[in-house]
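Since the structure comes first, as structure tokens, the remarks are kept for the end.
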Amino acid sequence: MFKKEEGDSIETVIGPSVRVEGNFVANGDVVVEGIVSGSIKTEKNLRIGPNAKVFAKISAANALIAGEVQGNIRVKESLELTNSAKIFGDVKTNVLSVASGAILHGKCSAGSDKKSKFEKLDEVQNSKPKTSAPVKNAKAQGLAEKVK
């Protein structure tokens, strides 16, 4: 992550003395060392420094988080949480790496969106219409017909 390839766009840096409020959208790599409130979306890599504070919904291709994030995080490929990371929100990614000491409070979903055989079976069983059991004796049959 954060290796320069030919044709890559220049990184956007939100320095330690900068505070951004609103929806932040970028096509290239983004580095946050300051404070961001709102949302962050980048098509490439996101790095949140150890002293950064982010109060935002995050969307990125890859992310490395060392600071504090309050908000939901969606990363397409790889999310790395360092030992100083503090996450307060739900996380969804393909590959998750959590260092010892990182804090993660929220729901976590890592891996592909494919469902297991058990999840598929459960969906099939829950989607079938419920039918009533056949009535066994004549007296109960008469009561069932009256109810209809």
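The values are calculated or read from the model by the stated rules, or taken from the named source; none is laboratory data. Computed from a predicted structure; not experimentally measured. Backbone-built Cβ (ideal geometry, glycine too); neighbour counts: all protein chains shown.
Just to be sure before I move on: is S17 out of contact with any Leu (no Cβ under 8 Å at 6 or more places or on another chain), under 25 Å from N94 (Cβ atoms) and of a type outside the set (V, I, T) in the structure I sent?
Working: out of contact with any Leu (no Cβ under 8 Å at 6 or more places or on another chain): yes; under 25 Å from N94 (Cβ atoms): no; of a type outside the set (V, I, T): yes.
No: the conditions fail for S17.
Across region 44-87, what is the total count of residues that are within 18 Å of V20 (Cβ to Cβ) and among the acidic types (D, E)?
Count: 1.
Inside region 1-113, counting only strands (runs of 3 or more DSSP E) that do not spill past its ends, which hold 2 or more residues that are under 12 Å from the mean Cα position of the chain (by Cα)?
By residue number, 53-65, 73-81, 86-88, 91-98, 108-110.
Looking at region 8-37, I want the residues that are more than 14 Å from G49 (Cβ to Cβ) and have a partner that is of a type in the set (K, R) and assigned to a loop (DSSP other than H, G, I, E, B) with Cβ atoms under 6 Å, at least 6 apart or on another chain. Which pairs are those?
Close Cβ pairs satisfying both conditions: G28/K44.
Between residues in region 44-63 that are touching a residue at least 40 places away in the same chain (Cβ under 8 Å) and buried (at least 19 other Cβ atoms within 10 Å of the Cβ) and residues that are part of a loop (DSSP other than H, G, I, E, B) and not basic (K, R), which pairs lie under 6 Å by C-beta distance while being six or more apart or on different chains?
N45/M1; N45/F2; N45/D29; N62/M1
Does E33 fit the bill of being at pLDDT below 95, among the charged types (D, E, K, R), over 17 Å from V75 (Cα atoms) and surrounded by 15 or more Cβ atoms within 10 Å (Cβ to Cβ)?
Numbers: at pLDDT below 95: no; among the charged types (D, E, K, R): yes; over 17 Å from V75 (Cα atoms): yes; surrounded by 15 or more Cβ atoms within 10 Å (Cβ to Cβ): yes.
Here the answer is no, as E33 does not meet what is asked.
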